[in-house]
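Nothing in this text is a laboratory measurement; each read-out follows from the coordinates by a stated rule. No experiment lies behind these values; they were computed from the predicted model shown. Note that we place each Cβ from the backbone using ideal geometry, even for glycine, and neighbour counts take in every protein chain shown.
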Amino acid sequence: MLTNVAALVYDGVAPFELGVLCEAFGIDRLDDGVPNLEFSICGPVIGPVPTTVGFSINVELGLDRLEEADLVCVPALPRGGFVPDEVIKALRVAHDRGARILSVCSGAFVLGEAGLLDGRECTTHWRYTTELAERYPLAKVVPEVLYVDAGQVVTSAGTAAGLDATLHVWRQEYGAGVASAVARRMVVPPQRDGGQAQFITRAVPDCDVETLGPLLHWIVENLGEDLDVDTLARRSLMSPRTFARRFRAETGATPHVWVTNQRVLRAEQLLEQSDKPVEWIADEVGFGNAATLRHHFSRVRGLSPQQYRRRFAC
């Protein structure tokens, strides 16, 4: 169970990405039913550390702080800059003892220098994915996704995608209810699936074009209905091909993937908050039967519905 988090900083740290980690793991949310985590920033130099925007932050703890962390976080740092040898050693030691490692944006390059991306799927900001692949040819770079969970190592794209990755970790450790409470305090969506595109083709549509917002709301309220592309296209008064193209442009995901993820999210809530049988939940969220629910739930969450309920039920 996640209880102890440390964020690594040194010269050139990006304050926004560091702030993402502080907001996700360093805030007292006991009043919202969220466990408090022990959180600190640390680095190879104790004292003022310059950031990318002209001010410094004061670091009071050295790299030995990483020795007790369950999760070591690496915010955006200079991707072409020198990574101190003691940082590389500390990251390798943390990894070898089983700590989980999470990077935001160009923090992936620090993990690459430490050899922690070798043989693993990973990502970074879409502007840097080609460079990441070229510099670390043993890494399996996945471009244009929000984050990649490779088990012990989680890498995420720029800025807001770091929030998505931290909420993913909260969900894995404490369940959908806690993750949603954290997201609600941060006023962000409780989940954007890691496989979504980093950038959406038409994020802000022309004013004279009706967006899919009302349809998405209807889908979430009617997950038990038949929600195939043909049905949704008819409801949107579009051809299936046009609908599928527009859906991907506006959401960053295919209709099937988006609907499936919404069904898994709703199944999570019901598994946590009710004692309804798995077969009933499968029908309620639109999977039809328990076997289909188990298939999709296990693929997305890495746990069976029964395992998830035992771990996270209220």
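Observations on the model:
- Residues Val220 and Gln152, FRET efficiency given R0 of 41 Å [Cβ-Cβ distance, rounded to 0.05]: 0.80
- Estimated D of the stretch 149-188 in µm² per second, where Rh is the Kirkwood radius over Cα pairs and Stokes-Einstein applies at 10 °C, 1.306 mPa s: 153
- Split the chain at each of the chymotrypsin sites (Phe, Trp or Tyr not before Pro) in a DSSP loop with at most 12 other beta carbon atoms within 10 Å, and the longest piece is 83-198.
- Amide H contacts under 5 Å for Ile57: Val49, Thr51, restricted to partners 5 or more places along the chain or on a different chain, H placed in the peptide plane at 1.01 Å from N.
- Each of Arg185 and Phe55 was given a label point 7 Å from its Cα along the Cα-to-Cβ line. The distance between the two points is 2.2 nm.
- For the stretch 208-295, the pair-distance distribution built from all alpha carbon pairs, in bins 5 Å wide starting at 0, is 3, 14, 25, 23, 15, 11, 7, 3, 1, 0 percent.
- Between the stretch 15-63 and the stretch 253-302, the Cα center-to-center distance that results, in Å: 36
- Listed peptides 223-232, 70-79 by packing density, highest first (mean Cβ within 10 Å): 70-79, 223-232
- Cα-Cα separations in the stretch 1-62 greater than 13 Å, expressed as whole percent: 63
- Panel values: the chain, Kirkwood radius from alpha carbon pairs, Stokes-Einstein at 37 °C and 0.692 mPa s, translational diffusion coefficient 159 µm²/s.
- Kirkwood Rh in Å, taken over all unlike Cα pairs in the stretch 48-202: 16.1
- The per residue volume of the convex hull around the alpha-carbon atoms of the stretch 5-113 is 97 Å³.
- Among Leu293, Leu63, Leu215: highest mean-square fluctuation, GNM of the chain, C-alpha pairs under 10 Å: Leu215
- Bridges between two residues of the chain, per DSSP, are antiparallel at a rate of about 30%.
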